Amino acid sequence: MKSLAFVALAVAGISWGLGFPTGKLILTEIDAAHMVLLRFVVAALAAAPFALRSPEVRALFKSPVVLLAGVLYGVAFMVQFEGLAHVSVTVAALLVGAMPALIAVSAKLLGEKVSRMSWAGVAGATLGAALIAGKPDGASSPWGVALSIGALFLFLAWLLTLRRAPPAPNAMAIPAVSIIVAAATVLPIALVMHGPPKLDLSASVWTAILAQGVLATLLATAAWQYGAARVGAASAGVFINIEPLIGAACGVLLFGDHLTAALLAGGLLIIGGSLLVVLGEKKAALGDVRATVAPAA
C-alpha cells in the first residue's frame, strides 16, 4: 500500500513541476489569469464525473472546509502564475522548494514537534529563497518573485485546510469537488481582470492547456491527496522537491534560462534545506516511537 502511495506522490510532484514550462508556453499567447481559468475549466470538466457521481460526493459541496480549500487552491494558482509572468521558469520552480520549510514552521505553530535539524533546514531554505529574491536572474523581477512567494503561503493554507476535510467516500471525491470550486472561484476574477478569454490559440498552446488541466491539476491534486493520506508528512515532504527540480530543469533545458551562481546557490540551499526538514521530521518521529516503547526507569 505504501509503495503505491509513494508512486502517487512522485506522479504529483512530476505533474506539478510540468505546470511551469507549460505555463510559460501558454503565456506567450494569453495572460496569466486566462491561462489559469482555462486550466481549471479543463480540470473541472474532467473532474465532473467524479464529483457528481453520488449523493455522498455531492454533499461535499456543502462542506465549508472543502469550499474554502477550493477557493484557496484557485486563488493560489492565480497568484502563482501572475508571478510566473514576471519571472523565469527556473526561479518560479526553485522557490517552490521552500514549501517543506513553510510546512515545518506551520507545524511548530500548530503545536507539533520540530527537531533542530528541521529548523536548520528551515534556515537554509529561507536563505536560499532570500538569495533568489534578492538577486533574481535577468528574466525575473522582484514583483514576480514576491508573487511567487506569496502563492506558497496560499498553497500552505490550502494544505492546512485539507487536514480538516471531512471523510470522503472515495479518493477522488475531495480533489474533484475542490477543483470545481476552484474553477468557479477563478472564473469571475479572470473575467473582471481581463474579460472573456481568447480561444483562437495555437495547437501547441491548447495542448499545453489540456496538459495543465488534466495532468498538472486533476491528476496531481488527486495523486497528492491519495499519497499524503497514506504516509507520514515527513515522507510526503520529500516529493515536494520533485516539483522544483522538474520545473528548473525544464527552464534551463527548454527555455534557455540562465543558471546564475546566485540562482544555483539559492536552489541548492532550498532543496538541501527542505531535505533537512524532512530528515529532521523523521528523526523526531523515530525519537517519539523510542520514547513510547522504552521501559520505565
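The values are calculated or read from the model by the stated rules, or taken from the named source; none is laboratory data. All of these numbers come straight from a predicted model, not from anything done at the bench. All Cβ positions, glycine included, derive from the backbone under ideal geometry; neighbour counts span all protein chains shown. We work out accessible area using only protein heavy atoms, side chains counted, and drop any ligands, DNA or RNA first. Shrake-Rupley method; radii C 1.70, N 1.55, O 1.52, S 1.80 Å.
Looking only at region 10-33, count every residue that is assigned to a helix (DSSP H, G or I) and either out of contact with any Gly (no Cβ under 9 Å at 6 or more places or on another chain) or of a type in the set (Asp, Glu) (or both) and tell me the total. Outline the logic, then answer.
Filtering region 10-33 down to residues assigned to a helix (DSSP H, G or I) leaves 10-26, 32-33.
If we keep only those that are either out of contact with any Gly (no Cβ under 9 Å at 6 or more places or on another chain) or of a type in the set (Asp, Glu) (or both) too, we end up with 13-15, 22-23, 25-26, 33.
Count: 8.
Within region 241-248, is there a residue that is more than 26 Å from Thr90 (Cβ to Cβ) and either in contact with a Phe, Trp or Tyr (Cβ under 7 Å, 6 or more places away or on another chain) or modelled with pLDDT of 75 or more (or both)?
No - not one qualifying residue is present in region 241-248.
Taking Arg39 and the conditions (1) open to solvent by 10 Å² or more (accessible area, probe 1.4 Å); (2) of a type in the set (Lys, Arg); (3) under 29 Å from Gly267 (Cα atoms), which numbered condition does it fall short on, given that it satisfies the others?
Unmet condition: (1).
Being part of a loop (DSSP other than H, G, I, E, B), aliphatic (A, V, I, L, M) and either at pLDDT 75 or above or closer than 15 Å to Leu269 by Cα (or both) is the filter here; which residues of region 120-166 pass it?
Within region 120-166, Ala165 is the sole residue that qualifies.
Of everything in region 44-93, what is polar (S, T, N, Q) and either touching a strand residue (DSSP E or B) at 6+ places or on another chain (Cβ under 7 Å) or surrounded by fewer than 24 Cβ atoms within 10 Å (Cβ to Cβ) (or both)? Give them in sequence order.
Of everything in region 44-93, those that are polar (S, T, N, Q) and either touching a strand residue (DSSP E or B) at 6+ places or on another chain (Cβ under 7 Å) or surrounded by fewer than 24 Cβ atoms within 10 Å (Cβ to Cβ) (or both) turn out to be Ser54, Ser63.
Would you check if there is a residue in region 252-260 being surrounded by fewer than 16 Cβ atoms within 10 Å (Cβ to Cβ) and modelled with pLDDT of 80 or more?
no
Suppose we filter Pro196, Pro169 for residues that are exposed (fewer than 12 other Cβ atoms within 10 Å of the Cβ) and over 22 Å from the mean Cα position of the chain (by Cα); which single one remains?
Working: Pro169 fails: exposed (fewer than 12 other Cβ atoms within 10 Å of the Cβ).
Answer to the check: Pro196.
Looking only at region 174-190, how many residues end up being within 18 Å of Leu162 (Cα to Cα) and open to solvent by less than 30 Å² (accessible area, probe 1.4 Å)?
Here is the first cut: in region 174-190, the ones within 18 Å of Leu162 (Cα to Cα) are 174-183, 185.
The next check asks that each one be open to solvent by less than 30 Å² (accessible area, probe 1.4 Å); those that pass are 174-179, 181-183, 185.
Counting residues in region 174-190 that are within 18 Å of Leu162 (Cα to Cα) and open to solvent by less than 30 Å² (accessible area, probe 1.4 Å) gives 10.
Can you pull out the residues in region 1-35 that are crowded, with 23+ Cβ neighbours inside 10 Å and among the β-branched types (Val, Ile, Thr)?
Within region 1-35, Thr22, Ile26 qualify.
Going by the structure shown, is Val7 part of a helix (DSSP H, G or I) and within 20 Å of Ala76 (Cα to Cα)?
For Val7, the condition - part of a helix (DSSP H, G or I) and within 20 Å of Ala76 (Cα to Cα) - is not met.
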